[in-house]
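**Q** Before I ask anything, let me first share the structure, which is written out below as C-alpha cells.
The values are calculated or read from the model by the stated rules, or taken from the named source; none is laboratory data. Owing to the predicted nature of the structure, the values given are computational and were not obtained by experimental measurement. In this analysis, Cβ positions are derived from the backbone assuming ideal geometry, glycine residues included, and neighbour counts consider all displayed protein chains.
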Amino acid sequence: MKKLIVLLGLLAVLFVACAGCISPDVPAVNNTTTTDPIVGTWQSTQSYTVDGKEVYLLYEIKDDNTGYAMMAEAGSTEAKKLDIFWGNDNGKYVFAYTTDTSKVYPHTLSADGKILTDQYGDTYTKI
C-alpha cells in the first residue's frame, strides 16, 4: 500500500511538471483576435550564391506559429521548404527548425513592421 501511494505521488508530480510543457509537435496557437505583424511571406533583401546560382531566403510565417523557411532561385517559383515553429519571446521573435528544435534563431521586427532582421543582421521584407 505504501508503494502504491508513493507511485501515485510520483505520477502526480510528473503530471504537474509536464502540464506547462509545450512540445514542438503541438505548437502554441495565436489565440488573439488580431494577426501578428510577422505573419506573411518575407524575402531576404540580399541574394546569396549557392552552387553558382543566385538564391533568396524566404520565410512563410503562418498565424498558427508554424511556417516554412525556403531557399528559392531568383525568378523561380520552386523552393525547398523546411518546416519551422515561431514564437514571440519578450518582444523578440524566435524561429526553430523542426529538424532541430534545440536551437532557436532570434529575429526582430522593425517598429513599423516592415523589416525583419535576423541575429546576423540580414534583413527581410514582406512580399
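Yes or no, residue by residue, for (1) acidic (Asp, Glu); (2) assigned to a loop (DSSP other than H, G, I, E, B):
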| residue | (1), (2) |
| --- | --- |
| GLU54 | yes, no |
| LEU58 | no, no |
| ASP63 | yes, yes |
| TYR68 | no, no |
| MET71 | no, no |
| GLY75 | no, yes |
| LYS80 | no, no |
| GLY87 | no, no |
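**Q** State which residue pairs qualify: first residue under 13 Å from ALA69 (Cβ atoms) and inside the stretch 100-113, second residue modelled with pLDDT under 90 and surrounded by 12 or more Cβ atoms within 10 Å (Cβ to Cβ) in any location, beta carbons under 9 Å apart, and separation of 6 or more residues or different chains.
**A** Close Cβ pairs satisfying both conditions: HIS107/LYS92.
**Q** Across the stretch 86-107, which residue is modelled with the highest pLDDT among those that are loosely packed, with under 13 Cβ neighbours inside 10 Å and not small (Gly, Ala, Ser)?
**A** Filtering the stretch 86-107 for residues that are loosely packed, with under 13 Cβ neighbours inside 10 Å and not small (Gly, Ala, Ser), the one modelled with the highest pLDDT comes out as PRO106.
**Q** Only one of ASP83, ASP64, ASP36, ASP25 is under 17 Å from the mean Cα position of the chain (by Cα), within 23 Å of ASP100 (Cα to Cα), among the charged types (D, E, K, R) and at pLDDT below 90; which?
**A** ASP25
**Q** Looking only at the stretch 108-127, filter to residues that are hydroxyl-bearing (Ser, Thr, Tyr) and either in contact with a helix residue (DSSP H, G or I) (Cβ under 6 Å, 6 or more places away or on another chain) or not in a loop (DSSP other than H, G, I, E, B) (or both); which one of those is surrounded by the most Cβ atoms within 10 Å (Cβ to Cβ)?
**A** TYR124
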